[in-house]
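Data first, discussion second: the structure below is written as structure tokens.
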Amino acid sequence: MLMGLYNDWVVVVLMMVGFYIVIAHGNLIKKIVGLSIFQTSVFIFYISMAKVEGGTAPILAEGISQYSNPLPHVLILTAIVVGIATTALALALAVRIKEAYGSIEEEEIQKQDNLDC
Amino acid sequence: MGVAIAIVRMKDLFAVIMLSGIYGLLSASFFVAMDAVDVAFTEASVGAGISTLLMLVAISMTGRSEHPVRHKPVLALVVVIVTGGLLIYGTLDMPYFGSAQAPVHQHVAPRYINDSMQEVGVPNIVTSVLASYRAFDTFGEVIVIFTAGMGILALLSVLRRPRKTAGDIARDTAEIDSLNDSMHEQHLILRIVSKMLLPFIMLFALYVQFHGDFGPGGGFQAGVIFAAAIILYTMLFGMSTARRVINQSFIQFLAATGVLLYGSVGLVSLLNGKNFLDYSALSADPIAGQHLGILLIELGVGITVASVMIIIFFNFAGRRENSQGNNKT
């Protein structure tokens with residue numbers, strides 16, 4: 001009976017994998033990859049919500065009465081492109097941090113900051 | 001899912017990024033299976049294409065290996081497991097997968113599905129929701145993309161370069177030519193094949209742009225594909241050649257033009273006494289107005305997305321070239 005929820009569980013596992021990478025790893029690039037996994041899990045959550053049993057892609061055509069919900073598709077479509085733009089911004093910050101500190105490891109950056117004080 | 005777990009274990013960032021590309025492609029095919037063709041289109045070009053590429057450029061500047069974690073990640077693991085457990089508990093109240101009675105399908109979605117043909121006249125419901133019903137949202141998204149592009153420009157652009165003299169430019173040109181000659185022998189097959197493919201990629205991008213009303217596609221996807229064509233060219237022929245083909249300030253100008261085009265469509269309808277982005281102001285026949293409005297707006301979106309992606313890539317690559325140049329001297 002609970003098999004109807006397996007898609008949500010996949011989303012939760014993916015989200016937690018991303019979350020784990022973000023909090024447990026010190027490397028900034030790795031953190032960004034983790035964030036994008038987290039982000040994709042949200043995309044999958046929305047898209048799997050939009051699915052209707054027996055429905056088809058939301059493009060109107062003759063002889064089809066059941067469509068998937070188009071609204072989540074719109075939201076996620078734009079979210080993906082916005083996501084890449086913000087990811088690129090994060091990568092740009094990482095590059096600048098590397099230039100300023102010579103490292104993108106969280107611990108080493110912290111150490112250098114402590115020395116400065 | 002297996003791929004995601006492998007990403008956690010890997011220390012070599014190059015492998016991590018390759019895996020995340022595979023992950024993007026897999027989620028794109030998942031979206032196709034879920035009938036979200038427009039989304040799959042975007043995810044395939046963004047998740048598997050451009051984001052992988054940008055991350056590769058970034059690690060080429062920041063170094064490729066990750067330091068081993070020194071402290072034990074037990075605390076992090078506990079936090080993750082507790083949060084995950086709570087979320088799973090929360091899903092028990094969720095509607096079952098594929099159920100047509102789920103609350104998401106009850107409110108505005110039936111109107112979009114049943115009435116959009118009469119109200120907007122575009123077969124692809126995703127496009128009509130994106131560009132007509134929720135055009136104001138999409139305007140916001142485009143502005144976010146534009147702002148991110150500007151942010152990257154501010155962070156990475158190399159403006160404080162000493163002004164070039166005529167002698168410098170001549171030397172640069174000679175350098176480019178000699179570089180080109182040596183590269184020609186290295187990547188001959190790649191270059192010729194990609195040269196043959198480039199017009200088709202661009203043509204496909206335009207098709208996706210203007211066919212978005214009827215099939216999957218639209219400004220967002222087309223912009224990304226078009227940018228991918230330019231980026232492919234840049235990767236194979238080098239930054240300096242690409243700079244001679246595409247003027248950077250022109251691209252920056254285009255990014256702003258796209259946003260302005262979108263906004264001015266809204267202003268035209270305001271000036272005609274309708275609501276912001278109400279396309280019935282554009283033409284006497286509401287359906288024709290909708291078509292015109294959607295076309296213009298998608299064009300604005302496409303121009304902005306393509307040029308912001310190109311700006312992002314050029315700035316990353318230009319930064320990299322600069323830092324290498326400094327290392328040499």
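The values are calculated or read from the model by the stated rules, or taken from the named source; none is laboratory data. It should be emphasised that the depicted structure is a prediction, and the values quoted were computed from it without experimental measurement. Note: ideal-geometry Cβ built from the backbone for every residue, glycine included; neighbour counts use all protein chains shown.
Points worth noting:
- Test result for B:Asp168, of a type in the set (Asp, Glu), exposed (fewer than 13 other Cβ atoms within 10 Å of the Cβ) and at pLDDT below 80: yes
- The requirement of being of a type in the set (Gly, Ala, Ser) and either in a loop (DSSP other than H, G, I, E, B) or at pLDDT 80 or above (or both) is fulfilled somewhere in the stretch B:59-68, by at least one residue.
- The set of residues in the stretch A:77-113 being closer than 30 Å to B:Phe139 by Cα and either more than 7 Å from chain B (Cβ to nearest Cβ) or outside any helix (DSSP H, G or I) (or both) consists of A:Ala79, A:Gly83, A:Ala90.
- The one condition in (1) facing chain B (nearest Cβ under 7 Å); (2) surrounded by fewer than 23 Cβ atoms within 10 Å (Cβ to Cβ) that A:Pro70 fails to fulfil: (2)
- Any hit, the stretch B:276-289, residues being β-branched (Val, Ile, Thr) and in contact (Cβ under 8 Å) with a residue 12 or more places away in the chain: yes
- Residues satisfying the criterion are absent from the stretch A:22-40 (criterion: more than 21 Å from B:Ser20 (Cβ to Cβ) and within 19 Å of the chain's Cα centre (by Cα)).
- So B:Val129, is it in contact with a Pro (Cβ under 8 Å, 6 or more places away or on another chain) and either without any contact (Cβ under 8 Å) to a residue 40 or more places away in the chain or among the charged types (D, E, K, R) (or both): yes
- If you check A:Gly55, A:Gly34 for being in contact with a Ser or Thr (Cβ under 7 Å, 6 or more places away or on another chain) and either crowded, with 17+ Cβ neighbours inside 10 Å or basic (Lys, Arg) (or both), only one passes: A:Gly55.
- When residues in the stretch B:29-46 are screened for being surrounded by 23 or more Cβ atoms within 10 Å (Cβ to Cβ) and more than 7 Å from chain A (Cβ to nearest Cβ), 3 of them pass.
- Among the residues of the stretch A:16-32, the ones that are at the interface with chain B (Cβ under 7 Å from one of its Cβ atoms) and assigned to a helix (DSSP H, G or I) come to 9 in all.
- Unmet requirement for A:Asp116, which otherwise passes all of (1) more than 7 Å from chain B (Cβ to nearest Cβ); (2) closer than 30 Å to B:Leu77 by Cβ: (2)
- B:Leu190 being assigned by TED's automatic domain parsing to the domain that holds B:Gly302, in a helix (DSSP H, G or I), modelled with pLDDT of 75 or more and surrounded by 11 or more Cβ atoms within 10 Å (Cβ to Cβ): yes
Residue-by-condition table, conditions (1) modelled with pLDDT under 80; (2) at the interface with chain B (Cβ under 7 Å from one of its Cβ atoms):
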position	(1), (2)
A:Leu2	yes, no
A:Val10	yes, yes
A:Gly34	no, no
A:Ile37	no, yes
A:Ser48	no, yes
A:Lys51	yes, yes
A:Ala57	yes, yes
A:Gly63	yes, no
A:Leu75	no, no
